[in-house]
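No value in this document is a laboratory result; all are computed from the given coordinates. Here the structure is a predicted model, which means the values were calculated and not measured. Methodologically, a virtual Cβ is constructed for each residue, glycine included, from the backbone with ideal geometry; neighbour enumeration extends over all protein chains shown.
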Amino acid sequence: MFHVLGVRDVEVHLDAWVLFYGLLLVGPVALFWRRRAPVAVFVVAAAASIAFATIGSPHWSYAVAPVLALFGLSRAGRHRAAFIAAGLGFAAYLLVTLVLMGPAGLPGRPPGLREVLLVAAGLIGAVVVGAAAKGHAERVAAIAKVQQEQTRAREEQERRQASEERLRIARELHDVLGHHLSLINVQAGVGLHLMDSRPEQAREALSAIKTASAEALREVRSVLGVLRTEGEAAPRQPALGLNRLEELTADAGFPVETVINGDRRELPAEVDRAAYRIVQEALTNVRRHAGPEPQAQVVVGYLPTILHLSVRNYGPATSPEPDPEGERGSGITGMRARVESLGGRFEAGQPESGGFLVTVLLPAPALSGPREEEF
């Protein structure tokens, strides 16, 4: 008879060291395969522990391996198998230690009521804790999945917003540069044509070129102002809108009649800016395609919930020529996209009376409070 090293109150009634250490190590070694074959590992560990109980005094230490194997089986999600294994293992323990060990003449000491209750509690606790651990792991995985989906959705939204912002800036730059560069081109042609015969008119054309280029630079800076870093001063120019319609028509480079129907009122910022850009692009198209002496009429109608715009060229309307990149009608396409993005209606074509007509309807509900200017 000897004592188990490192464990108090555990006596082993056996002189065979090989069998003793073999039974002691079988269960812990089998735990290395608990993920691959949890049921088989529990059977091996439980059998080794029950066999060890037949040669020693009752103690909790040699029940650790089967309890851990049972916990792994329950944590793997096989709760029913874990309860069945726990019941069969407990029945086998009672059968061997209380019924068969005495008649078989084995040297072990039968367990008392305290040891029996501890074994039952350990087995049931392993199953319950394993099931709880499984549930907790599933909840953590579900939360992590939701967080990943939210992160992906947020990143996708940021990418979409960035793409929309790039498209908006590109459209704004197209309108600004198309309008002013077209005006500069016309005035430069006038200046070259009149340089020798009418120098005073050539000087006026050069002055118009200077004004148009300065205005183009200012508007480009305003468009790109959204890219300024935090801490930089905001642009001081007012937001573009129909409040600057008179400046726009005066700088068109040809006669433009302006008609305002209804009472002027504050418009949503995006509608106000879009209306200005649509008129600007339409006048640019008139300048490009309406012949040497274009004339246009701009009509702005303030309806209760709608803003009506029309830009008509009374001169001959020629087919749009390809732009330097080989595209046709990019101005019409840009105006249509701008209107449709706001939920409005856009029409462009040649009326029976001649010329070319652009008609736009934009949703423009009345503002409940003062409008904040957009920069």
>> Along the Cα→Cβ direction, 7 angstrom out, place labels at Arg265 and Ala170. What is the inter-label distance in nm?
In response: 3.6
>> For segment 33-99, which trypsin sites (Lys or Arg not before Pro) pass both filters: DSSP loop (anything but H, G, I, E, B) and at most 11 other C-beta atoms within 10 Å?
In response: Arg35, Arg36
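Contour minus end-to-end for Val64 and Leu88, with contour as 0.36 nm per residue of separation and end-to-end as the Cα-Cα distance? Show your work: numbers first, answer last.
Working: separation 24, 0.36 × 24 = 8.64 nm, distance 1.69 nm.
Answer, rounded to one decimal: 6.9 nm.
Please give the length that would be gained between Gln157 and Leu98 if that part of the chain were fully extended, namely 0.36 nm times their separation in residues minus their C-alpha to C-alpha distance (nm, one decimal).
Working: separation 59, 0.36 × 59 = 21.24 nm, distance 6.89 nm.
Taking 0.36 nm per residue and subtracting the Cα distance, the gain is 14.3 nm.
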>> Given points 7 Å out from each Cα along the Cα-Cβ axis, report the Phe32 to Arg139 separation in nanometres with one decimal.
In response: 3.6
> So what is the diffusion coefficient of segment 237-276 in µm² per second by Stokes-Einstein at 10 °C and 1.306 mPa s, using a Kirkwood Rh over Cα pairs?
Replying inline: 141
> Spin-label point model (7 Å from Cα, Cβ direction): what's the Val146 to Glu347 distance in nm?
Replying inline: 5.1
